[in-house]
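For reference, the structure discussed in these notes is given below.
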Amino acid sequence: MSWKWEYAFGAEEAARSLPSDFLAAVERAADELVRAAEALQVHGRAHQGLDPKGSHIIVSGGWFLYQVIVRSERVYIVQITYLGF
């Protein structure tokens, strides 16, 4: 299994109605989070202990909240907020 990002909960549903340029910014940031998580957690499937604390990333037009689940080798986008400016 390799590291990937996914939408979680209602974030995928919310993403369907958002502008494509905003979603592109979210996806670029999520790709960067995946690369960072993969570099920091080389042996993700064998990870013991707690997952890192989730946080938020500000992108042009809004922000999103994410959570890293190391044993699943996933970065989950759990909430997207679009401000429209």
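Beta-bridge orientation, the chain: approximately 75 percent antiparallel, per DSSP, counting only bridges with both partners inside.
Remark: accessible surface ordering of GLU73, GLU27 (largest first) is GLU27, GLU73, probe radius 1.4 Å.
Could you work out what % of the accessible surface of the chain is carbon and sulfur, using a 1.4 angstrom probe and leaving DNA, RNA and ligands out of the count? The C+S portion of the solvent-accessible surface of the chain is 55 percent. Taking all protein chains into account, the per residue accessible area for the chain stands at 63 Å² (1.4 Å probe).
Roughly how big is the chain's charge dipole about its Cα centre, with Cβ charges of +1 (Lys, Arg) and -1 (Asp, Glu), in debye to the nearest 20? Don't jump to the answer; show the numbers that get you there.
On the way: 8 positive and 10 negative charges, 45 e Å.
In total the dipole reaches around 220 debye.
Along the axis of the charge dipole computed for the chain (Cβ charges of +1 for Lys and Arg, -1 for Asp and Glu, origin at the Cα centre), the listed residues GLN41, VAL75, ALA8 are led at the positive end by GLN41. Counting heavy atoms of the protein chains alone, TYR82 has an accessible area of about 100 Å² for a 1.4 Å probe.
The values are calculated or read from the model by the stated rules, or taken from the named source; none is laboratory data. Fair warning: this is a prediction, and the values are worked out from it, not measured in the lab. Every residue, glycine as well, gets a Cβ built from its backbone with ideal geometry; the counts of neighbours run over all protein chains shown. Surface areas here come from the heavy atoms of the whole protein model, side chains and all, with no ligands, DNA or RNA. Shrake-Rupley method; radii C 1.70, N 1.55, O 1.52, S 1.80 Å.
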